[in-house]
């Protein structure tokens with residue numbers, strides 16, 4: 001038996017049919033959700049975007065941990081079988097605190113699966129990481145890659161404008177490519193350029209095609225959203241916790257929650273999910289009232 005922090009017990013027999021909890025500081029984690037739905041189409045999901053308090057990357061470590069514990073508490077109270085931290089900053093900063101708070105709950109972040117996939121994809125060990133300023137400054141991917149592959153040569157670049165492009169729905173075209181060239185040309189025009197580009201922000205997969213055009217077809221692009229989905233699929237399979245119901249028989253596949261801006265959440269979500277969602281389907285919650 002597993003017990004949530006609301007003191008409700010969940011029978012092991014019903015564990016498979018509980019939803020997967022996913023949280024992010026905003027909407028970028030929806031690329032992770034999309035990847036999860038692709039790899040695990042029979043599952044149900046609870047998605048929480050802490051849009052009132054984004055971005056997490058500019059906050060102190062203590063604040064990020066507190067926010068992450070509060071977000072997890074909301075999801076755990078509603079009943080989930082596992083938790084996906086679809087935020088690079090929270091994955092790097094709060095993963096261990098979350099595992100300590102919920103030792104019986106499988107918890108997976110986006111950093112480790114992305115780093116592992118990047119190391120496996122690179123033939124030369126030359127890996128470029130593009131992420132937000134906070135993620136690059138914190139060094140999460142650099143440390144994770146170096147731990148897996150000590151011989152790796154890592155170039156980490158902060159590309160904050162990629163976030164704005166993604167949220168505006170500008171995923172291709174000359175403006176997107178010009179900005180990508182400005183960020184990437186120096187590294188990828190070097191005599192020994194990286195052979196792998198790791199997308200270390202959950203916003204970035206929506207501009208992946210433009211990035212591939214800029215860096216060239218010989219560079220392998222690794223998407224941490226996809227690798228996280230593969231890692232979770234393997235984990236649930238090994239635990240025997242996959243849903244046994246067909247997707248079409250499960251009713252609402254995803255329930256969306258946000259802490260602010262229901263209309264903006266729905267508008268931007270369309271770019272990340274590649275489908276529209278009605279604004280009134282997004283539940284507004286006050287995450288600050290959650291324990292954490």
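No lab work stands behind these numbers, since they all come straight from the coordinates. As the structure is a computational prediction, the values presented were derived from the model and not from experiment. Cβ atoms come from the backbone with ideal geometry, glycine included; neighbour counts cover every protein chain shown.
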| field | Percent of beta bridges antiparallel (DSSP, region 112-224, rounded to nearest 5) | value | 0
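Expected output is a single nm value to one decimal: the length gained when fully extending between residue 104 and residue 178, i.e. 0.36 nm times separation in residues minus the C-alpha distance. What is it? Write down the numbers at each step before the final one.
Details: separation 74, 0.36 × 74 = 26.64 nm, distance 4.70 nm.
Roughly 21.9 nm would be gained on extension.
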| task | Could you tell me how many degrees, from 0 to 90 and to the nearest 10, lie between the Cα long axis of helix 224-239 and the main elongation axis, the longest principal axis, of the Cα atoms of the chain? | result | 40
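Where both residues lie in region 1-159, what percent of DSSP beta bridges are antiparallel, nearest 5?
Antiparallel: roughly 10 percent of the beta bridges in region 1-159.
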| said: Compute the angle between helix 262-273 and the longest alpha-carbon principal axis of the chain, please, reported from 0 to 90 degrees and rounded to the nearest 10. | reply: 60
| Inter-label distance, nm, simple model (7 Å from Cα along the C-beta direction), residue 153/residue 246 | 5.3
| query | What percent do you get for the relative contact order of the chain when only Cα pairs under 8 Å and 6+ apart count? | reply | 26
| field | Antiparallel content of DSSP bridges confined to the chain, in %, to 5 | value | 5
| remark: Helix 174-188: inclination vs the chain longest Cα principal axis, degrees, rounded to 10, gives 70
| query | Shape call for the chain from the C-alpha gyration tensor, a ≥ b ≥ c root eigenvalues: rounded (a/c under 1.5), prolate (a/b greater than b/c) or oblate? | reply | prolate
| task | Calculate, for residue 213 and residue 263, the FRET efficiency according to 1/(1 + (r/R0)^6) with r their C-beta to C-beta distance and R0 30 Å; round to the nearest 0.05. | result | 0.40
| query | What is region 112-224's relative contact order, in percent, from Cα pairs under 8 angstrom and six or more apart in sequence? | reply | 36
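Rounded, prolate or oblate: which fits region 85-165 when a ≥ b ≥ c are the square roots of the eigenvalues of the alpha-carbon gyration tensor, with rounded for a/c under 1.5 and prolate only if a/b beats b/c?
Because a/c hits 1.5 or more and a/b fails to exceed b/c, region 85-165 counts as oblate.
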| note | Length-normalised contact order of region 110-153, Cα under 8 Å, at least 6 apart, in percent, tallies to 53
| task | Identify which of 123, 229, 269 has the largest mean-square fluctuation in a Gaussian network model of the chain, with springs joining Cα atoms closer than 10 Å. | result | 123
| query | Rounded, prolate or oblate: which fits region 112-224 when a ≥ b ≥ c are the square roots of the eigenvalues of the alpha-carbon gyration tensor, with rounded for a/c under 1.5 and prolate only if a/b beats b/c? | reply | prolate
| query | Between 114, 134, 26, which gets the highest mean-square fluctuation from a Gaussian network model of the chain, Cα cutoff 10 Å? | reply | 134
